[in-house]
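Below you'll find the structure, written out as structure tokens, and then a few comments.
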Amino acid sequence: MNAMFLLTTPITLTDIAAMAKAGANALLFGCEPFSVRCAGCFPLSQLAEIKKTCMAYHVEMSVAVNRFFSETQLPQLQDFLVLLKELDVDGIYFSDEAVLAYGQALGITDKLIYQPDTLMTNHADVNFYLGEGIKRVVLAREITLEEILAIAKQCDPTRLEIIIHGYSTAMYSRRQLLSNYMKFLGWDRSLQKQRDLMIEEATRQERMPIYEDENGTHIFSVAVQQSFQELECLSEAGIHTARIDGIFHSGKEICKVVELYDQLRRKKIDAETALSCYREYFPDEPSDCGFYYRPTSTTK
Amino acid sequence: MAKIELLAPAGDLHRLKTAVRYGADAVYIGGKQFSLRSRAGNFSLEEIAEGVRFAKEYHANVHTTVNMLPHEEDLKGLEDYLKALEDIGVKAIICASPAMMQCAKRVAPKLEVHVSTQHSITNSAAVNYWKVHGADRVVLARELTLEQLAATCSGSELPLEVFIHGGMCVSYSGRCMLSNHMTLRDANRGGCAQSCRWKYRLYEAGKAIHDEERLFSMSSKDLIGARFLPELIRLGIASVKIEGRMKSAYYIATLVHTYRMMIDEINEKGTITQATMNEYCEQLMKAENRPTASGFYEGLPDESKHLYGVNGAGISKEYIADVLAYDEAKQLATLQVRNRFEPGTMAEVFAPHQASQTFQIQEIMDEDGLRLEAANQPMRIVKIKTDIKMVKYAMIRKVIERDARYSE
């Protein structure tokens, strides 16, 4: 099980050392204005320093270039990809096929990691993108464990990534839905970039995190998905990378979670212990197994 | 420059025929397999074949949505299905899954492949990426402003399709899993529960910050892009698409009728005057049962383009009858009642490729010539006296002063 890479999401530069020490093998950094829904967004000017620090701690450095680009932003995107090539980052996450097209032209296809969130739901589509020569594909979170394992059997699992822990993105709108609601109410206040906002459907009692920035509005799952019981079979299926996403957590909290998965993959603790430690650390946090055992319906 | 295509939705054969009769250049439909909008009825292969035959009589085409994002179990039978669509004479498939696109190119090469808006394509580099992979058209994301759209057009090497009218996903298409999370109904496999149109309370650090009387909602007003049509034609957009495979025949007829006349007028005269545009927009509003706005065409939508505190699912009662026949000698129209009307009702008749005409309903009779106080039974056959020459398949609606809240 040692082969499974643990990737996580630092918020500050000091998280790099702490997360590496906790057992992370790779870190994913946001960089404005190229990234969306990142735990930590860093200025372009810090990327070289980040790369150096990552190398010093023997962790891979990946960058999220996962927004959709308008035509006028394409030159900026191209320049950014050139910079990432020069920095020799280990991975570039993308959602817009423009990144793939430019990456291919720049000869950095093997650094590209496709993460369209919802779209990767079967082996044939995964193989299409892997066939482009990219490094990895991140599977959708809305498929079952059985489906994940079936995909792993029919693809090169060493080029698959799954998100094993954290809140799942449930919706991404380009609209500034919170700002518009405040304006509709006639209230003069901004809720942008606040990470303490939740919505609750009028007839229910479960709250979902909601976050708005200049790129739009993002809504997340009610519960944190955890995969302590599933890590072993995912690892046995040969899946290369397991991500722990920490958009609504502190660096310290994420380190705790990474430590648990690290110990679990090294068989220092069993799944039950890992889960009970997690619940002890986060007693008030709602958690579940995501869609591992909940197939979705195709009818209304 | 190729003439812009007017692409209309159809949830069943009746609506397909209505769209074609009223002037759609192409109709998009869903098959029983591999398609979203599971409540839109969706067509069997036999029905698709009949639809294609009918459309061809009018020199129109049929596009079929093969736009689900398949899970492992959904991939079975795809090759046979695509071959069948090709044999039937379907012009194009609208696809989100690249594996399905590649499969179509391999086993049914006569089918055009149109990349679905679920790919959220917002620039020419992404458009041209799909050209390399054999796509024939790209349906752009709805999140583009007119300016961004013009810039994208200038660098794109594939024909482009854009949405001109209808309901809008509030999210980037295909990137919304609210329905999956809240109801286990898969939004990308036809089960969307439209959770975005529900009402929500909003909390900040655990404390309520919503107005209990005016809850948070993500529901968007429907798109009306008519005012941008002259510019879309000038830009060389290949196709303008009306959304709504679940909408009624009346809705489709009203929109297709009006957009057909607009496109023909722009093609003929090169432009449309402001006054004429206003008239066309008024016609379009007669189809609507939800408030409308300009979507992203004029920029990032503000609060005026959202639905707050308005029930978005109201039912329009404007549509009152279908014309079944007209006896010119007796000046007698035979109608099938759709919604209640009485003698004295101000009405408007519209027919494929004909401008609408307003008239007042006088006497209403049943099939035996007995006078009726009102036509109040849906689907009943009635007759009315009128000197307006009506044609079969024309539709009649009430003339209603609309509430100003139903438009921006």
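Ligands, DNA and RNA aside, B:Ser156 has an accessible area near 20 Å² when probed at 1.4 Å.
Farthest towards the positive end of the charge dipole of the stretch A:259-300, among the residues A:Thr273, A:Pro283, A:Thr296, is the Cα of A:Thr296, using unit charges on the Cβ of Lys, Arg, Asp and Glu.
Show log10 I(q)/I(0) for the stretch A:1-93 at q = 0.14, 0.15, 0.19, 0.20 Å⁻¹, two decimals, from a solvent-free Debye sum over equal Cα scatterers. These q points yield log10 I(q)/I(0) values of -0.48, -0.54, -0.84, -0.91. Cβ-Cβ distance of B:Met246 and B:Glu46, R₀ of 35 Å, FRET efficiency by 1/(1 + (r/R0)^6): the value works out to about 0.95. Note on the protein assembly as shown: Rg/Rh from C-alpha atoms, Kirkwood Rh, equals 1.01.
Placing a label point 7 Å from the Cα of A:Asp88 along the Cα-to-Cβ direction, no residue of the stretch A:102-128 has its backbone N under 14 Å from that point.
Checking every one of the trypsin sites (Lys or Arg not before Pro) in the stretch B:3-59 against DSSP loop status and a limit of 16 other Cβ atoms within 10 Å picks out B:Lys3, B:Lys32, B:Arg39.
Counting Lys and Arg as +1 and Asp and Glu as -1 over every other residue whose Cβ lies under 10 Å from the Cβ of B:Val113, the net charge comes to 0.
Rolled with a 1.4 Å probe across the full set of protein chains, the surface gives B:Glu157 an accessible area near 110 Å². Lysine pairs in chain A whose alpha-carbon atoms fall under 13 angstrom of each other, counting only those eight or more residues apart or on distinct chains, come to 5. Only lysine pairs 8 or more places apart or on separate chains count here, and in the stretch B:261-384 those with Cα atoms under 28 Å apart total 7. Seen against the Cα atoms of chain B and their longest principal axis, helix B:78-88 is set at about 40 degrees. Rolling a 1.4 Å probe across all protein chains gives A:His218 an accessible area of roughly 0 Å². Screening chain A for whole DSSP H helices of 18 Å or more along their axis (Cα) with average Kyte-Doolittle hydropathy at least 0.5 returns A:74-87.
Over the stretch B:25-134, the alpha carbon radius of gyration divided by the compact-protein estimate 2.2 N^0.38 Å works out to 1.03.
For the residues A:Asp284, A:Asp262, B:Asp211, A:Asp156, a 1.4 Å probe over the protein chains yields an accessible-area ranking, largest first, of A:Asp284, A:Asp156, B:Asp211, A:Asp262.
Over the stretch A:1-158, one equal point on each Cα, no solvent: what is log10 I(q)/I(0) by the Debye formula at q = 0.15 Å⁻¹? Normalising to I(0) and taking log10 leaves -0.82. The Rg/Rh ratio for chain A, using Cα coordinates for both the radius of gyration and the Kirkwood hydrodynamic radius, is 0.95. Under the simplified labelling scheme, the B:Ala275-B:Val391 pair shows an inter-label distance of 2.7 nm, with each label point 7 Å from Cα along Cα→Cβ. Of the residues B:Val127, B:Val399, the one with the largest accessible area comes first in the ranking B:Val399, B:Val127, computed with a 1.4 Å probe on protein heavy atoms. So, R0 is 51 Å and r is the distance between the beta-carbons of A:Lys256 and B:Ala84; what FRET efficiency does that work out to, to 0.05? After rounding to 0.05, the efficiency reads 0.40. Between A:Ala105 and A:Ser190, the simple label model (points 7 Å from Cα in the Cβ direction) yields a spacing of 3.4 nm.
What percent does the relative contact order of chain A come to when contacts are Cα pairs within less than 8 Å and at least six residues apart? Value for chain A: 21 percent. Per-residue ellipticity at 222 nm, computed for chain B from helices alone with -39500 (n - 2.57) per DSSP H run of at least four residues, works out to -8000 deg cm²/dmol. With everything on Cα atoms, drop me the angle between helix B:45-57 and the longest principal axis of chain B, reported from 0 to 90° to the nearest 10. Helix B:45-57 sits roughly 60 degrees off the main axis of chain B. Please give the Cα centre distance for the stretch A:227-300 versus the stretch B:73-139, rounded to the nearest Å. Taking the Cα centre of the stretch B:73-139 as reference, the centre of the stretch A:227-300 is 37 Å away.
When A:Arg141, B:Arg227, B:Arg106 are compared by accessible surface with a 1.4 Å probe, the order from highest to lowest is B:Arg106, B:Arg227, A:Arg141. The residue list B:Tyr297, A:Met182, A:Leu27 was ranked by how far each Cα lies along the charge dipole of the protein assembly as shown toward its positive end, using unit charges on Cβ atoms, and B:Tyr297 comes out on top.
Here, P(r) means the percent of Cα pairs in each 10 Å bin from 0 to the largest distance; for chain B it is 5, 21, 30, 26, 14, 5, 0, 0. Placing a pseudo-label 7 Å from each Cα along the Cα-to-Cβ vector at A:Asp270 and B:Lys56 gives an inter-label distance of 6.7 nm.
The values are calculated or read from the model by the stated rules, or taken from the named source; none is laboratory data. Computed from a predicted model, the values in this text were never measured in an experiment. Neighbour counts are summed over all protein chains in view; Cβ atoms, including those assigned to glycine, are modelled from backbone coordinates with ideal geometry. Quick note on the areas: whole protein, heavy atoms, side chains included, nothing else; ligands and nucleic acids left out. Shrake-Rupley method; radii C 1.70, N 1.55, O 1.52, S 1.80 Å.
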